[in-house]
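The values are calculated or read from the model by the stated rules, or taken from the named source; none is laboratory data. Note that the structure is a prediction, hence the values are computed from the model and not measured. Note: ideal-geometry Cβ built from the backbone for every residue, glycine included; neighbour counts use all protein chains shown.
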Amino acid sequence: MVTGAKFSPGWDDMAMRALLAVVMVAAISVSGCAASAVAGHGATGAVSSSSRPPGTTSPDGRFALTLPPGWSDNSATHPELAALYTAPVLNGFTVNVNVTEAQTAATGDLATYAQEVRGQLRGVLHITEESVLEPTHVDHEQAEQYSYKWVVSGRTLKQRQTIVIHDGRGYVFTYTALAAQYGETLAAADALMSSVQWT
């Protein structure tokens, strides 16, 4: 359980809940007692098949993407997120890409927004390793990327956050895997991100 999180006054309640949701999805993915919320059948079971088809639109209709083979749209299990996409369980962990969304100024500066997101994450997690990655694009929008390592339930996770602003809203796409298997599922996560289109 994450406690003692602090948020800057500029963030609204939705942004705070969304940030905590990123942390909690990671914890649920690795925790045997709670994995059923994502995996459907416990930590080593199959991902729920009650999902949208491979070409899927986010619940709020703001973006669409193509799911990699075997991945599912489990957004309905976490309505506090803009979206949640999960891979089949691997080594007792539900690899996932989750998306948070928050209102930003229509002329919001990406670098400033990314720094706010990173600062809030540092206030919630005990990050053991942090790296700045090459900038990228989500559809036609410029995006910044960072990776983190942190420990939950005795297992080291690695997350990559892709941070982007579109139509005055800030989005954070977070790919989460066990650090030891991060590279095994990275290509699938990259394919998912490359397929994102704003609608």
The condition of being surrounded by fewer than 16 Cβ atoms within 10 Å (Cβ to Cβ) and not in a loop (DSSP other than H, G, I, E, B) holds, among Q115, Q120, only for Q115
For region 123-135, the count of residues that are in a strand (DSSP E or B) and of a type in the set (A, V, I, L, M, F, W, C) equals 3
(1) loosely packed, with under 15 Cβ neighbours inside 10 Å; (2) at pLDDT 55 or above all hold for S58 apart from (1)
Given the criteria part of a loop (DSSP other than H, G, I, E, B) and more than 25 Å from W71 (Cβ to Cβ), does G108 qualify? yes
Note: among L186, L192, L157, just one is part of a helix (DSSP H, G or I) and buried (at least 16 other Cβ atoms within 10 Å of the Cβ), namely L192
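Filter region 73-94 for residues that are under 15 Å from the mean Cα position of the chain (by Cα), of a type in the set (S, T, N, Q) and closer than 20 Å to L157 by Cβ and give the result.
N74, T77, T86, T94
Yes or no, residue by residue, for (1) out of contact with any Phe, Trp or Tyr (no Cβ under 9 Å at 6 or more places or on another chain); (2) free of Cβ contacts under 8 Å to residues at least 12 places away in the same chain; (3) within 23 Å of S75 (Cβ to Cβ); (4) β-branched (V, I, T):
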site: P88; (1), (2), (3), (4): no, no, yes, no
site: G92; (1), (2), (3), (4): yes, no, yes, no
site: G108; (1), (2), (3), (4): yes, no, no, no
site: A114; (1), (2), (3), (4): no, no, no, no
site: H166; (1), (2), (3), (4): no, no, yes, no
site: G170; (1), (2), (3), (4): no, no, yes, no
site: G183; (1), (2), (3), (4): yes, yes, no, no
site: A188; (1), (2), (3), (4): no, no, yes, no
Exactly one of V138, V117, V124, V151 is of a type in the set (A, V, I, L, M) and at pLDDT 95 or above, and that one is V138
Can we say E141 is surrounded by fewer than 19 Cβ atoms within 10 Å (Cβ to Cβ) and either at positive phi or touching a Lys or Arg at 6+ places or on another chain (Cβ under 7 Å) (or both)? no
